[in-house]
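Here the structure comes first, spelled out in structure tokens, and everything after it is commentary.
The values are calculated or read from the model by the stated rules, or taken from the named source; none is laboratory data. This structure is a prediction, so every number in the text was calculated from the model and none was measured. Here the Cβ positions follow ideal geometry from the backbone for every residue, glycine too, while neighbour counts run over all protein chains shown.
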Amino acid sequence: MYPDRVVSGMRPTGSMHLGHYHGALKNWIKLQSELPCLFFVADWHALTTHYDDPSVIERSTWDMLVDWLAAGIDPSQATLFIQSRVPEHAELHLLLSMATPLGWLERVPTYKDQIENLSNKDLATYGFLGYPLLQAADVLIYRASQVPVGDDQVPHIEMMREIARRFNHMYGKEKGFEEKAQEAVKKLGSKRAKLYNELRTEYQQDGKDEALEQAKAMLDDAQSLSMGDRERLFGYLEGSRKLILVEPQARLTAASRLPGLDGRKMSKSYGNAIALREEKSSVEKKIRTMPTDPARVRRTDAGDPARCPVWQFHQVYSDAPTQEWVVKGCQSAGIGCIECKQPVIDAIIKEQEPMHERAQQYLDDPSLVRAIVADGNDVARKLALETMRDVREAMGLAYT
Ligand code: TRP
Ligand code: SF4
């Protein structure tokens, strides 16, 4: 009923690196030409962990936007915006918070994990507990159907779905809904109306998902329906409620995972990262000094790619013949590690060349980035306000 839409965000807590590129950005870039996409800088989410030192946030926001544009996010295809510039995210977060059980938030796995891992920070705050609920508001406010995220975020998407379902159940009641829905069924015309009723029964009595899908497809095709009737009929299929918020799906990033230089997760704080727009000479130096299989002390010692982080880079960057050359050459001590690293260096530099080029215009003229974001903020805000109008009305806060 609502159009397919993709929403995702990133927290501006430092500069972007190649791990982010391969783990998330590449996927965004692919999606932007397939579906309408909204990508935003989650500056409020950054505050949940950096509330005591927010100074990095503003700079990181602009740097991150340049990184996105450099990587190939195209502002003529995707909408780019800053979360806090669409304050309705906060309004929806507040309204959702009223009916969200504390237990739902406490049992999100990232909650306890992060409190333990970031033990140098006091995360026993109201804002941090609400992190996934703010994230739910970010997505639900656009009635997004898909959210590209890493697998660590899947429980957050699960919770969003529960939040949307609960919201629709609590507030989707409409006076005389049943009667209005049945009137709308009649407007489908006798043949379609009959089919609709059959499919609805099949779904509700036997839980047949195909019946639900088929009925939805039929409604999509039914041109003569008004928006309101269409919404009712969608809701009537699944129960007796209007669907105000949409349950989104997680869209997992195809796994091409680039670890850090030392084989651990790439992260600026581990000092094992290559920045998205790292200087060429620095890329060379970092890869040349990157650790290899510790068993290869001398050039004549045979090695094992499975114990070497350089091999993981080859898995991301090299074609099959090169990979074969690495495995054979390493195991037989036929190639040296410096030799082995060269194709990786070349591939990274090649990958980054267009990024440096694209970034240059934005570095020369930062007002371009400001303008792109100002446009994006407007587009996002308009969509957010449409949803909020329905949300306020459903919750009895329309005051008309
Ligand atoms: N929590 C996400 C992360 O850490 C960032 C984020 C905030 C987000 N709001 C979102 C991602 C909405 C997807 C959708 O990566
Ligand atoms: Fe690693 Fe390549 Fe050296 Fe083998 S030859 S240890 S894969 S860098």
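Data overview
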| read-out | value |
| --- | --- |
| Residue check, residue 176 surrounded by fewer than 14 Cβ atoms within 10 Å (Cβ to Cβ) and modelled with pLDDT of 90 or more | no |
| Checklist (1) more than 14 Å from ligand 1 (Cβ to nearest atom); (2) modelled with pLDDT of 95 or more applied to residue 55, failing item | (2) |
| Region 334-391: number of residues that are of a type outside the set (Asp, Glu), under 30 Å from residue 169 (Cα atoms) and in contact (Cβ under 8 Å) with a residue 24 or more places away in the chain | 9 |
| Failed criterion for residue 120 (all others in (1) more than 16 Å from the chain's Cα centre (by Cα); (2) within 15 Å of ligand 1 (Cβ to nearest atom); (3) within 29 Å of residue 22 (Cβ to Cβ) hold) | (2) |
| Matching residues, region 250-302, being among the hydroxyl-bearing types (Ser, Thr, Tyr) and either surrounded by 16 or more Cβ atoms within 10 Å (Cβ to Cβ) or touching a Lys or Arg at 6+ places or on another chain (Cβ under 9 Å) (or both) | 253, 256, 270, 292 |
| Meets criteria (away from ligand 1 (no atom under 12 Å from the Cβ), more than 36 Å from the chain's Cα centre (by Cα) and buried (at least 19 other Cβ atoms within 10 Å of the Cβ)) for residue 199 | no |
| Residues satisfying the stated conditions in region 293-312, i.e. within 19 Å of residue 19 (Cα to Cα) and either near ligand 2 (Cβ under 9 Å from one of its atoms) or free of Cβ contacts under 8 Å to residues at least 40 places away in the same chain (or both) | 308, 309, 310, 311 |
| Region 142-168, residues that are within 10 Å of ligand 1 (Cβ to nearest atom) and either closer than 15 Å to residue 91 by Cα or without any contact (Cβ under 8 Å) to a residue 60 or more places away in the chain (or both) | 142, 152, 156 |
| Qualifying residue in region 91-103 (condition: in contact with a helix residue (DSSP H, G or I) (Cβ under 6 Å, 6 or more places away or on another chain), within 12 Å of ligand 1 (Cβ to nearest atom) and either among the basic types (Lys, Arg) or assigned by TED's automatic domain parsing to the domain that holds residue 165 (or both)) | yes |
| Hey, residue 268 within 16 Å of ligand 1 (Cβ to nearest atom) and either touching a residue at least 12 places away in the same chain (Cβ under 8 Å) or on the phi < 0 side of the Ramachandran plot (or both) or not | yes |
| Residue match in region 316-330 (condition: assigned by TED's automatic domain parsing to the domain that holds residue 350, within 34 Å of the chain's Cα centre (by Cα), within 15 Å of ligand 2 (Cβ to nearest atom) and among the aromatic types (Phe, Trp, Tyr)) | yes |
